[in-house]
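Beneath this line is the structure, given in structure tokens, with notes to follow.
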Amino acid sequence: MKLRIKLPKKFRLKRPGKAVAWLIRVLGNTLRFRFINHAGMAYPTDERHIWVFWHNRMFLIPYLRETLIPGQEGAFLTSPSGDGQVIADACSDFKLKPVRGSSSRRGAQAMVELANYVKSGHDIGITPDGPRGPKYQMNLGVIKLAQLTGGKLMPVHIRFDRAIRFRTWDGFLLPLPFSGVEVEFAKPFTVPRRMTEEECEAQRAALEKIMVEGTHEEL
């Protein structure tokens with residue numbers, strides 16, 4: 001079940017990032033999780049993963065990492081916008097380092113920071129259709145990052161039994177309290193270190209297909 005609501009045009013809240021982090025934890029503690037582990041995930045591990053998940057399903061990612069991998073550092077790509085600051089503040093509350101950047105601002109610098117983080121042995125998280133879409137269309141940056149670092153791309157599919165769908169560009173999903181959530185860690189996706197631009201595009205399209213199919217939505 002998906003409910004649709006329209007956000008108010010103006011909304012002010014002091015320290016919204018802290019409020020978002022609080023909401024994630026409170027709501028997360030009410031949910032019934034079902035895990036599908038095709039990735040063979042087991043922590044601690046020396047393997048470096050780049051978690052890949054759609055922008056509209058990122059709400060529970062900090063909670064999942066804190067629950068499944070307590071105490072392990074990670075990084076999260078977020079935009080340099082005002083909305084990105086809220087996400088950055090919320091991620092920091094979960095001990096996730098926010099890396100600020102987008103295709104239009106600080107893109108190259110953010111890529112370097114993320115690459116260094118992966119090379120140092122840490123996981124990172126990326127929404128490949130963020131921060132402005134189009135929805136469910138993967139940009140090439142995540143493929144380039146995996147090519148540069150040798151990190152394994154791990155598709156993370158999150159599906160809600162009952163959720164509110166916001167009227168945002170991505171149709172952001174917020175699970176309803178006490179509902180069921182299915183979390184699928186798909187088989188890691190590895191890209192070659194040497195590729196032509198055509199091969200990079202083929203890899204991007206292949207991963208996008210996996211990610212779209214993982215939504216279980218009719219598009």
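The values are calculated or read from the model by the stated rules, or taken from the named source; none is laboratory data. Only a predicted model underlies this, so the values are computations on that prediction, with no experimental measurement involved. Methodologically, a virtual Cβ is constructed for each residue, glycine included, from the backbone with ideal geometry; neighbour enumeration extends over all protein chains shown. The area values use the complete protein model at the heavy-atom level, side chains included, leaving out ligands, DNA and RNA. Shrake-Rupley method; radii C 1.70, N 1.55, O 1.52, S 1.80 Å.
In contact (Cβ under 8 Å) with a residue 60 or more places away in the chain, in contact with a Gly (Cβ under 9 Å, 6 or more places away or on another chain) and open to solvent by less than 10 Å² (accessible area, probe 1.4 Å): is that true of Leu173 in this structure? No; evaluated as a whole, the condition is false for this residue. Taking Leu153 as the residue in question, decide whether it is closer than 30 Å to Arg194 by Cβ and part of a helix (DSSP H, G or I). Answer is no for this residue. Within the stretch 94-135, restricting attention to residues that are closer than 21 Å to Met211 by Cβ and among the charged types (D, E, K, R), the residue that is modelled with the highest pLDDT is Lys135. Within the stretch 180-193, is there a residue that is under 24 Å from Thr30 (Cβ atoms) and more than 17 Å from the chain's Cα centre (by Cα)? Within the stretch 180-193, one or more residues are under 24 Å from Thr30 (Cβ atoms) and more than 17 Å from the chain's Cα centre (by Cα).
Could you tell me whether the stretch 27-37 includes any residue that is surrounded by 13 or more Cβ atoms within 10 Å (Cβ to Cβ), charged (D, E, K, R) and over 15 Å from the mean Cα position of the chain (by Cα)? Scanning the stretch 27-37, I find no residue that is surrounded by 13 or more Cβ atoms within 10 Å (Cβ to Cβ), charged (D, E, K, R) and over 15 Å from the mean Cα position of the chain (by Cα), so the answer is no.
Among the strands (runs of 3 or more DSSP E) confined to the stretch 62-138, the ones with at least 1 residues that are closer than 18 Å to Arg48 by Cβ, β-branched (Val, Ile, Thr) and in contact with an Asp or Glu (Cβ under 6 Å, 6 or more places away or on another chain) are located at 96-100. Does Thr196 satisfy being over 23 Å from Leu31 (Cα atoms), among the polar types (S, T, N, Q) and without any contact (Cβ under 8 Å) to a residue 40 or more places away in the chain? Yes.
If the condition is being assigned to a helix (DSSP H, G or I), open to solvent by less than 70 Å² (accessible area, probe 1.4 Å), over 25 Å from Ala42 (Cα atoms) and of a type outside the set (S, T, N, Q), then the stretch 191-207 contributes Cys200, Ala202, Arg204, Ala205, Ala206. Which condition number in (1) over 23 Å from Ala75 (Cβ atoms); (2) of a type outside the set (Phe, Trp, Tyr); (3) free of Cβ contacts under 8 Å to residues at least 24 places away in the same chain is the one that Val112 fails? With (1) over 23 Å from Ala75 (Cβ atoms); (2) of a type outside the set (Phe, Trp, Tyr); (3) free of Cβ contacts under 8 Å to residues at least 24 places away in the same chain applied to Val112, the lone miss is (1).
Quick check on the stretch 74-87. Is at least one of its residues more than 14 Å from the chain's Cα centre (by Cα) and modelled with pLDDT of 85 or more? Yes - at least one qualifying residue is present in the stretch 74-87. Is it the case, given these coordinates, that Ala90 is closer than 17 Å to His122 by Cα, of a type in the set (Gly, Ala, Ser) and open to solvent by less than 60 Å² (accessible area, probe 1.4 Å)? Answer is no for this residue.
Note on the stretch 161-190: residues that are of a type outside the set (D, E, K, R) and in a strand (DSSP E or B) total 11.
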